[in-house]
Amino acid sequence: MIIDQDARYRALLQHHASCRWARAASVEYDPVARGWLSKEIRAPGFDAVLLSAPGRLDWLADLAERSGFPPIVYFAGDDGGGEAGRALALGASAVLDREKIDHDALIEAIGSAAVQQSHARAAQAASGLDGARFGGARIPGYRCIRRLARGHSSELYLAESEREPRLVVIKVARDRLDESELDPNFKRFLLEHDTVQRIEAPCVVRAYDLGVSDEHAYLVMEYFARGDLGRRIRGGVTVSDALRFALEIACALQAVHGSGVIHRDLKPGNVMLREDGSLALIDFGLAVRSAVELDAADRRLICGTPHYMSPEQGHAELIDARSDLYSLGVILYEMLTGRKPYTAATSMAVIYLHRKAPLPSLPEPLAWLEPLLGRLLGKTPADRFESAAAAAEALQRALEELHSDERSAALKHNSLQAEGRAGAKVRVGSAREI
């Protein structure tokens, strides 16, 4: 792995290494553009790490302190040798001059690091520790960090890819019910991968890998360090952010529905936040193709999360894309008020309220949004927006109206402040005259 913010310098180091190891694979990493390596990264798949960051001994110290991290070749600036000595003391396996690359010294440093890393891997293997073990499955190419969640048919793990410095989530599921029949849960697991691959939109979780190991299947997906929308709601959401998030979800549904898919389990826990603040939908395990009628067995099952189900989904009736719009309405209501529109002691009671109970009123300052919510939370599909695109347009108009009102209020506030300051000056002047 080559760490440097200058793409040309990374390419130069790669060229030097390829002169000796023509088939060696390297991964370039820009710590400025992509941010510093997560604390969870241990880079077990790399033989050596070339860190070119003069003056950033703190970066070197951070990497050197990580258990199992590969040997680090550090490229120091020209400061009379002081930085080189400190780098060695902090744990660098070798220190080279960044301004004038010594090809032979670089090749020797990489080769020595590779030997050292080989010995470390052998020692780990001899100890019986297997970082590629995820519950009952062994998944080569990934290092297990910890289990995130455990469900009836699958488990979620935080893992590190050995091929590049990236954290991922691995969903592991049993692949067979018996020797002759695929488990229905595994069928849904394969459908989830197929669905995500078909949509191929930025608003949907990225799927990196799919495979089978022993008696298990696994799906490798994007990891979201900022968590889900549910966490954000618990911390409080402004009206502007609520409308913006709802608009992004509507645009995401537009892409999902455009690919012939109904999500069926849209809720804050399945809306994730990326580092740049954008949203992505996850968990397509219950998704269905809108163009294909649900089979009889599936229609008899109530699948999803009761608090966010449309009335027709909660009663196991045939659904279309407008069912997801109802779920979006529930999410928007929760973002605006901090609570769900319908709560009860049992799931079936919640499902009943979705169909029979009127929509609770919004607080007076938000009453202007009730018509919009009414078009999302209509009791029948015909009462709702005809599509995610139509919902997105309405949300965009609401957001523009909000910002227009905010600008007007801000201008009025500033005007009153200016008048107040002017009045104060007059009063002060009058007092002096007196």
> crowded, with 19+ Cβ neighbours inside 10 Å and either touching a strand residue (DSSP E or B) at 6+ places or on another chain (Cβ under 9 Å) or not assigned by TED's automatic domain parsing to the domain that holds ASP283 (or both): does that describe ALA392?
Replying inline: no
> Can you pull out the residues in the range 374-395 that are more than 23 Å from LYS356 (Cα to Cα) and assigned to a loop (DSSP other than H, G, I, E, B)?
Replying inline: SER387
>> Of all residues being modelled with pLDDT under 95 and in contact with a Pro (Cβ under 7 Å, 6 or more places away or on another chain) in the range 356-382, which is surrounded by the fewest Cβ atoms within 10 Å (Cβ to Cβ)? Just the residue, please.
In response: PRO360
> Pick from ALA61, ALA92, ALA105: which is in contact with a Leu (Cβ under 9 Å, 6 or more places away or on another chain), buried (at least 17 other Cβ atoms within 10 Å of the Cβ) and over 17 Å from ALA24 (Cβ atoms)?
Replying inline: ALA92
> Can we say ILE249 is surrounded by fewer than 23 Cβ atoms within 10 Å (Cβ to Cβ) and under 16 Å from SER327 (Cβ atoms)?
Replying inline: no
> Under the condition of being free of Cβ contacts under 8 Å to residues at least 60 places away in the same chain and exposed (fewer than 12 other Cβ atoms within 10 Å of the Cβ), which residue from the range 26-47 is farthest from the chain's Cα centre (by Cα)?
Replying inline: VAL32
> Cβ-Cβ below 6 Å, separation at least six or inter-chain, first residue in the range 119-133 and assigned by TED's automatic domain parsing to the domain that holds ILE170 and loosely packed, with under 10 Cβ neighbours inside 10 Å, second polar (S, T, N, Q) and not in a helix (DSSP H, G or I): which pairs?
Replying inline: none
>> Being on the phi > 0 side of the Ramachandran plot and either touching a helix residue (DSSP H, G or I) at 6+ places or on another chain (Cβ under 6 Å) or surrounded by fewer than 20 Cβ atoms within 10 Å (Cβ to Cβ) (or both) narrows it down to one residue among GLY235, GLY227; which is it?
In response: GLY227
>> Can you say whether GLY258 is modelled with pLDDT of 90 or more, outside the structural domain of ILE139 (by TED's automatic domain parsing) and within 14 Å of the chain's Cα centre (by Cα), as far as the supplied structure shows?
In response: no
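The values are calculated or read from the model by the stated rules, or taken from the named source; none is laboratory data. Here the structure is a predicted model, which means the values were calculated and not measured. Neighbour counts are summed over all protein chains in view; Cβ atoms, including those assigned to glycine, are modelled from backbone coordinates with ideal geometry.
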